[in-house]
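S.K.: What follows is a single structure, and I will ask about it in a moment.
All of the numbers you see were taken from the coordinates with simple rules; none came from a lab. Note that the coordinates shown come from a computational prediction; the quantities given were computed from them, not determined experimentally. Note that each Cβ is placed from the backbone with ideal geometry, even for glycine, and that neighbours are counted across all protein chains shown.
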Amino acid sequence: MPENNYTLFELQDLDIKKKSLINGITNIDKKLEDSLGIKELNLNLELVIKKLNEQKKAQIKINQLRELNEYEINNLNTRLYSGQIRNNKEAEAIKFEIESKNETVQQISTRNDKVNENIKKIDQIKENLELKILSSEEKWIDIKNNLLLDQKKYKQHLEKIYTERVKISKKIDKQLLNLYERFFSLNGNFGIVKIDNDLSPCCKIKLPNAFVEKVKISPTPIICNCGKSLIME
C-alpha cells in the first residue's frame with residue numbers, strides 16, 4: 001500500500017476516535033445541564049408552592065366569608081329574640097333570612113372542606129418533591145465530579161488527536177485530503193474503504209470487474225461508483 005494511502009487510514013482512525021470523543025463530551029454536557037433533573041424538579045416545586053399558596057389564599061377568603069355569615073346570623077337571632085319584632089310577618093322574614101344564611105354557611109363549609117383536602121394533597125406532593133430534590137442533590141455531587149473528570153480526560157485526549165491530525169494531514173496530497181474529508185463528513189464514520197471480495201463496504205454493491213481492476217492498478221484511492229467514498233484494493 002502506498003504511504004499516502006496508509007496515511008489516509010491513519011487519519012481516518014483518528015477521525016473516528018475524534019468523533020467518539022466529541023459525542024462523549026456532548027453527552028456529558030447534556031448530563032451536566034440536566035443535573036439529574038434537579039432543575040426541572042425545582043421548577044415543579046415552584047409550581048406546586050404557587051398552587052399551594054393559591055389554595056391557602058382561597059381558604060382565608062372562605063373562612064372570612066363564613067365568619068361574616070355567622071356574624072350576620074347571630075345578629076339576626078339577636079334581633080329575632082329581642083322582643084322588638086312588631087309582627088309575625090317581620091319574624092318570618094328574619095327566620096327565612098337566617099335559614100338562607102345557614103344554607104350559605106353549609107355550602108361554604110363544603111367548599112372549605114374541599115380546599116382543606118386540596119391543601120393536604122398539595123402539601124404532600126410538596127414534601128415528596130423536596131425529599132426527591134434533596135436526595136438528587138446529594139447524589140449529584142459525586143456524579144458531577146465524575147462527569148467533570150471524564151470531560152477533562154476526553155478534552156485532553158481530543159487535543160492530542162487534533163495535534164496528531166495536523167501532523168498526518170500534512171503528509172497527504174491536498175486534493176486527496178479534501179476528497180477524504182468531504183466523504184467522511186457526509187458519511188460520518190468513513191471516508192476511505194478497501195474492496196472486500198469485489199464488494200464496496202460503503203454501498204454494499206458488487207463492483208464491476210473492470211472497476212475492480214482499475215482500483216487495483218491505481219496508485220491512489222479513487223471515488224467509488226456510488227460516489228460515497230474513496231476506495232482502494
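S.K.: Give, in whole angstrom and from largest to smallest, the semi-axes √(5λ) of the equivalent ellipsoid of segment 1-61, with λ running over the eigenvalues of the Cα gyration tensor. Provide the component values of the computation, followed by the final result.
M.R.: On the way: eigenvalues 670, 8, 3 Å².
After scaling each eigenvalue by five and taking roots: 58, 6, 4 Å.
S.K.: Restricting to DSSP loop positions (anything but H, G, I, E, B) with no more than 10 other Cβ atoms inside 10 Å of their own Cβ, which GluC sites (Glu not before Pro) remain in segment 4-73?
M.R.: Details: sites: GLU10, GLU33, GLU40, GLU46, GLU54, GLU67, GLU70, GLU72; in loops: none.
Passing both the DSSP loop test and the Cβ count: no residue.
S.K.: Roughly how large, in nm² to one decimal, is the mean projection of the convex hull of the alpha-carbon atoms in the chain?
M.R.: Values: hull surface 95.7 nm².
Average projection, Cα convex hull of the chain: 23.9 nm².
S.K.: Checking the table LYS31/LYS121; LYS132/LYS153; LYS17/LYS228 against a 24 Å threshold on Cα-Cα, which pairs fail?
M.R.: Details: LYS31/LYS121 32 Å; LYS132/LYS153 31 Å; LYS17/LYS228 21 Å.
Correct reply: LYS31/LYS121; LYS132/LYS153.
S.K.: Using the Cα atoms of segment 8-114, I'd like the radius of gyration and the largest Cα-Cα distance, Dmax, both in angstrom.
M.R.: Final numbers for Rg and Dmax: 33.9, 113 Å.
S.K.: Using Cα pairs under 8 angstrom and six or more residues apart, how large is the relative contact order of the chain, in percent?
M.R.: 27 percent
S.K.: Here is the link list: LYS19/LYS139; LYS30/LYS155; LYS167/LYS204; LYS160/LYS214; LYS51/LYS144. Which ones come out longer than 27 Å on Cα distance?
M.R.: Pairs exceeding the cut-off: LYS19/LYS139; LYS167/LYS204; LYS160/LYS214; LYS51/LYS144.
S.K.: Enumerate the whole-percent occupancy of each 10 Å bin, from 0 to the last occupied one, for all C-alpha pair distances of segment 174-232.
M.R.: Values per bin, smallest distances first: 26, 57, 18.
S.K.: On to the next question. I'd like the orientation of helix 3-34 relative to the chain: the angle between its Cα long axis and the longest Cα principal axis, in ° from 0 to 90, rounded to 10.
M.R.: Once rounded, one gets 10 degrees.
S.K.: From the phi of every residue in segment 215-227, what ³J(HN,Hα) in whole Hz does the Karplus formula 6.51 cos²θ - 1.76 cosθ + 1.60 yield, where θ is phi - 60° and glycine or proline is x?
M.R.: 5, 5, 8, 6, x, 10, x, 10, 6, 4, 4, 7, x
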